[in-house]
Every structure is written in C-alpha cells, then in structure tokens.
Amino acid sequence: METMLKPARGGEKDVLDKDASATPLGGVNDTYGEDAATEDLPVTPWARMVASGMELLRDPSYNKGTAFTEEERDFHYLRGLLPPAVFSQELQMERILHNLRQYETPLEKYVDIMDLQERNERLFYRVLIENVEEMLPIIYTPTVGEACQKFGSIFRRPRGVYISLKDKGKVLDILKNWPEKDVGVIVVTDGERILGLGDLGVQGMGIPIGKLALYAALGGIRPSTTLPVVIDVGTNTESLLKNPFYIGLRQKRTTGQEYDDLVHEFMTATKQAYGEKVLVQFEDFANHNAFRLLAKYNTTHLVFNDDIQGTAAVALAGLHSALRITGGSLSDQTYLFVGAGEAGSGIAEILALEISRQEKKPLDEARKSIYLMDSKGLVTKARYESLRDFKKPYAHEHPACPTLVSAVKALKPKALIGTSGQGGAFTKEGLEEMASYQELPIIFALSNPTSKSECTAEQAFEYTKGKCIFASGSPFPLVTYGGKKFVIAQSNNCYIFPGMGLGCVISGAIRVHDDMFLAAAESLASEIRPEHLARRQLFPAFSEIRSISAHIGAAVAAKAYELGLATRLPQPKDLLAYAKSSMYTPTYRRYR
Ligand SMILES: O=C([O-])CC(=O)C(=O)O
Ligand SMILES: [Mg+2]
C-alpha cells in the first residue's frame, strides 16, 4: 500500500491509521514495502490523511517541495503552487549542498541547514545522513556552540518545548501542547553548562535540537518521536541578561527547592504524557545538578546523562583501541585526567568498572590507577574533606602536584585525558613530558567546542614528536607529521547516544543500566579494524555510523533483555536485523 494523502480541505488533519503502531520507532517500519514498490519511490504500509495544497507544502514532515510528482500535484491541489520543474530528491540534495558551500561562515551554514529542517524534514535528514562528515561540524560541535551563544539573534521558528519558572504547575499541559503524542526520546538541558562554554541559559536549546537531529540521522530514531526540551530557570551570564535579543527569563538562576520542584514536575509529566518507556537524556547540566539528577531519577525513570555516561562509553572504546596499538591491558596502566567534572569522573568510573570486571577485583582497587586533576591540582587524600562526592573515590595518597608537568613527572601516566573545558590545558611542557618516557603516549583532548580543546591535534603531534595516539572531542583537520598523514579521531558521545537510544526503544527498556553502556562501548570498540589501528585511528569513520548505531542498538537491547529491563516481548530472534529494519530512512514516500 502507499501513503495516502487524502485531501482534507476542511481542516481534517493527520488522522493516523491504526496499523501504524506496528513497530517501536513511532509506528512505521520504514523499509517495509520498499521491496514491494513497483515504481522507484518506496511506499509505506499505512495510510494518513493530512492537509493538502499550501498547507501540505508548509508541513515539513510531508513537504517534498519541487519533488512532488505531476500526479501528486494534481491529486493534492498543488498544481500551480510549485514551479513546473519536477526534481528528484537527489537533485534537491545537490542544490542544498551547492548553496551551503557558498556560505563563508559556519554559522550561516547552520542557519541555512536548520531552516531546511523546518521546510522539508526528509530532505534535511537525507542531506545529513549522506554527508555526515561534512554536516556534523555544522549542526553539532563546534558550530552548535556558537549557535547557542547567538541563539536569540538567529532565532526564527521555535522547535521543541520551553519550560520556564513561569510554568510551574502547568508542565503537563505544556507537553500536551506539543503536537506529537507519541514521544520516545527527549533530550533536556537547563543550559547551565553548554559544552565547555558555560551558562547560556535558555539558549542552550540548540544542544537538544542538535542531539536529536543526530538521534534521527545517526540512530534511525523517527524524528516525530523526538522532543527537545529546555528548562529555563534564568542565567547567571551577565552578557546574556543585558543582551536585548536574549530569549529567556531575564533573571539570575533559581536554585534549591524551586529548581528541584520544576525539574521534578517535568520528570513526572514525561511519564504521564508519554508512558514509562520514554527515554530522557540529561544534557549539559552543571556538575552540581548533573550527578544529583542522574542519581535521583535513574531508579524511577528511563534516563541517562550523556556527558557522564555517553562520553564515558565512547572514551572507554577509544582506550580499548589505543591499547590494541600500544599493547598491554587496561589494568596495568596509570591514567591521568585533567578535569574532574562529569566527563572526567564518568570516564574514570566506567574505566574502573571495566578493569574490576576484567580482573575480578573490587572497584576500589581498580580505581587506584586512575588520578584526577582539577583546578586546584592533583586530587589527593589530603584534600578529601573539601572534595565534591564524585571526586572522593579518586582521592589517593599522593604528594600534591599543582601543575600538569609535575603530575606527569610524578605519575608517569600512559594516558592523559582532558575533560577540563579549559582550552590549552595540555601545555607544551606537559605533552613533551608525556613523550619523554614512552613510545606511544595516549592523549585525549575531549573538551568541546574546538576552542576549549585541551590542545589542538597539531600541537599534540608536534609536542610529542609525532608519537601520540590522539583523539579529540571536536573535529580537527588531518595532521601531517614526519611525512605521514593522521586522520584525527573524534571521541565524541555521538558515537554512542544514537545507538543507546535505538537499543532502548527497540527493546522497550524501562531503565538504563551501566552494563548497557559497557555493552555499547564494547560494540563500538569491535568496529575498529586493524587498518584503523595501523593509521592510529581510534574510531571508525562517521560515514559508517548508521551501521555502528544498529550494532550498538542491538548490543544495548540484548543487555536490556538479559537484565530483565526490556518490555518488548517476545524478544526478537535477530536483534541486529530488527534494529536495522526499525531505523528511520528519509527517502520520500509516494503520496497517492
Ligand atoms: O556535544 C558534544 O559535542 C559532546 C558533549 O556532550 C559535550 O561536550 O557536552
Ligand atoms: Mg554535552
């Protein structure tokens, strides 16, 4: 059967045929029917009635622009509303890319491509999926950071849900204003720690929007089931409060009970509106809330924190790959983290967990080879009383080391991992020291966006005389050193969260367990082949990401079933095939 777009001139809109709830990703198995198509466009096994004519052209989920066929133009009252030429989606894509490449600044590209999302969603996703490496730096780090800083100025059309202190007591009603009833994945921020850029208040909304675009493009989550949310409790950033174009509450951040109550109302409302299988990803909260909220809600809701757990899983996969190059096992190395916030302690903790599993030793024992540095220098036992809880497990007996070089000299770490949000924190002296006692030092500069990276890729190679095994959080161009070219691997949580979401959705998971992140990390690491390692490339190319997400999704789902956390029964026999067949694809439907 084909997609039926019946004329509904009298305002009858979007009546979904009940057959639609056949699969977990919002109802439609997108590959279904493709084999059965007699013409070159795929067809879908369900029927919808939506608006026709101009309304159809203005609905981004159905609009195909110049790609409406002659037949469709006649049938859906489009004749004369479009110029006469009929384009293929491929030609439309070419045109989009051609125009995008004319812009001089990344922010102009961002505005242009996000506009496409509001005009023609399938074309937007097809451009993303088929050009991941080119598009990622625009809709994601680093450009999304600048977009958030200027979000008020570039604001055009709202997307997602804005919940502010003014909405206390009305959060469920607000969620009901969102037009989609079938929401499967929410990304929520309060904007207090946007990437490494600090408190951007309501303008942090760019991050949930960008992350969810990746859920759909990289993880195959149906776009209509994704919901970006920002909780606006004010901002402490003076320049934003003074900026006439700031679009949030013009007040200092509210904290304490009032903050907790609003977040709690939101968390309760998500379940009331969408059921207990809605996945809520916490994103870019400041440390003082991130750990707390995760601990508070992970026993009652399907939640994870991307900055703690997603970043951790991808870095663990990167360390696995790095050790395949250097030799040795995870357990007999020393690790030094510069930055002891969400990413630092998240990675430290998953690493300790993995070591304790591998070596069958207590977690506390496994933590002993992992050291953290914060703004006050090495985290040590002597500082124990004044430390935040999440740093305490790593407060080891050790003399004070105030600087990076002194810590590297004293500890001789195998791997140096930057999660500080401090651009340039990996000094020349520190990196030279890393290379002074080992053949292949592992250097991860993970802070985002590019301006906050602890060092550039070029500096890492230069200061270690080409010896380093390097990964960064944001993209860097290829580095040539000693006549050799090195592709710079990005250790970014976008390798993990789309697959994690896919795994949760296809299994109907009701909780996220740490073991699901270990499974995701293992799955990602298994994608690294000897040819990657020969080039010191720790992660596969983003062009392979849909297949990687399917594998991660299957691994996560398998773990959820094993742990008794999955509710979609019976368990599909072949989870990988099921994951793949459930993924959203953005080729146009044929409307009849
Ligand atoms: O958004 C990214 O690129 C990675 C991330 O979660 C962060 O840096 O907060
Ligand atoms: Mg983040």
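The values are calculated or read from the model by the stated rules, or taken from the named source; none is laboratory data. Being a predicted model, the structure only gives us computed values, none of them experimental. Please note: Cβ atoms are built from the backbone with ideal geometry, for glycine as well, and neighbour counts cover all protein chains shown.
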Return only the number of the condition from (1) away from ligand 2 (no atom under 15 Å from the Cβ); (2) out of contact with any Leu (no Cβ under 6 Å at 6 or more places or on another chain) that VAL183 does not satisfy. (2)
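Is there a residue being farther than 30 Å from ARG546 by Cα, assigned by TED's automatic domain parsing to the domain that holds GLY145, at pLDDT 95 or above and more than 16 Å from ligand 2 (Cβ to nearest atom) anywhere in the stretch 212-226? Step through it out loud before you land on a result.
Residues of the stretch 212-226 that are farther than 30 Å from ARG546 by Cα, as a first pass: none.
No, because not a single residue in the stretch 212-226 is farther than 30 Å from ARG546 by Cα, assigned by TED's automatic domain parsing to the domain that holds GLY145, at pLDDT 95 or above and more than 16 Å from ligand 2 (Cβ to nearest atom).
Only one residue in PHE285, PHE304 is within 14 Å of ligand 2 (Cβ to nearest atom) and part of a loop (DSSP other than H, G, I, E, B), so which one is that? Full working, then the answer.
Values: PHE304 fails: part of a loop (DSSP other than H, G, I, E, B).
From the options PHE285, PHE304, the qualifying one is PHE285.
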What are the residues in the stretch 307-342 that are away from ligand 1 (no atom under 16 Å from the Cβ) and either part of a helix (DSSP H, G or I) or under 21 Å from ILE552 (Cα atoms) (or both), if any? LEU319, HIS320, SER321, ALA322, LEU323, ARG324, ILE325, THR326, LEU330, SER331, ASP332
Filter the stretch 190-204 down to residues that are more than 13 Å from ligand 2 (Cβ to nearest atom) and in contact with a Lys or Arg (Cβ under 9 Å, 6 or more places away or on another chain) and give me whichever is nearest to CYS455 (Cα to Cα). ASP199
For the structure I just gave you, tell me whether VAL202 is assigned by TED's automatic domain parsing to the domain that holds LEU123, among the β-branched types (Val, Ile, Thr) and within 20 Å of GLU342 (Cα to Cα). no
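Tell me whether the stretch 98-106 contains one or more residues that are in a loop (DSSP other than H, G, I, E, B) and charged (D, E, K, R).
To start, the set of residues in the stretch 98-106 that are in a loop (DSSP other than H, G, I, E, B) comprises 101-105.
Right, trim to charged (D, E, K, R) and you get 101, 104.
Yes: one or more hits.
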Looking at (1) more than 16 Å from ligand 1 (Cβ to nearest atom); (2) at pLDDT below 95, which is the one condition that is false for ALA489? (1)
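Among the candidates GLU454, GLU432, GLU439, GLU458, which residue alone is in the same structural domain as PHE476 (by TED's automatic domain parsing) and within 16 Å of ligand 1 (Cβ to nearest atom)?
Working: GLU432 fails: within 16 Å of ligand 1 (Cβ to nearest atom); GLU439 fails: within 16 Å of ligand 1 (Cβ to nearest atom); GLU458 fails: within 16 Å of ligand 1 (Cβ to nearest atom).
Exactly one of GLU454, GLU432, GLU439, GLU458 is in the same structural domain as PHE476 (by TED's automatic domain parsing) and within 16 Å of ligand 1 (Cβ to nearest atom), namely GLU454.
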Return the residue satisfying two criteria in turn: it lies in the stretch 251-268 and is under 23 Å from the mean Cα position of the chain (by Cα) and of a type in the set (A, V, I, L, M), and of such residues it is nearest to ligand 1 (Cβ to nearest atom). VAL263
For the stretch 162-209, enumerate the residues that are of a type in the set (A, V, I, L, M) and in a helix (DSSP H, G or I). LEU165, VAL171, LEU172, ILE174, LEU175, VAL202, MET205, ILE207, ILE209
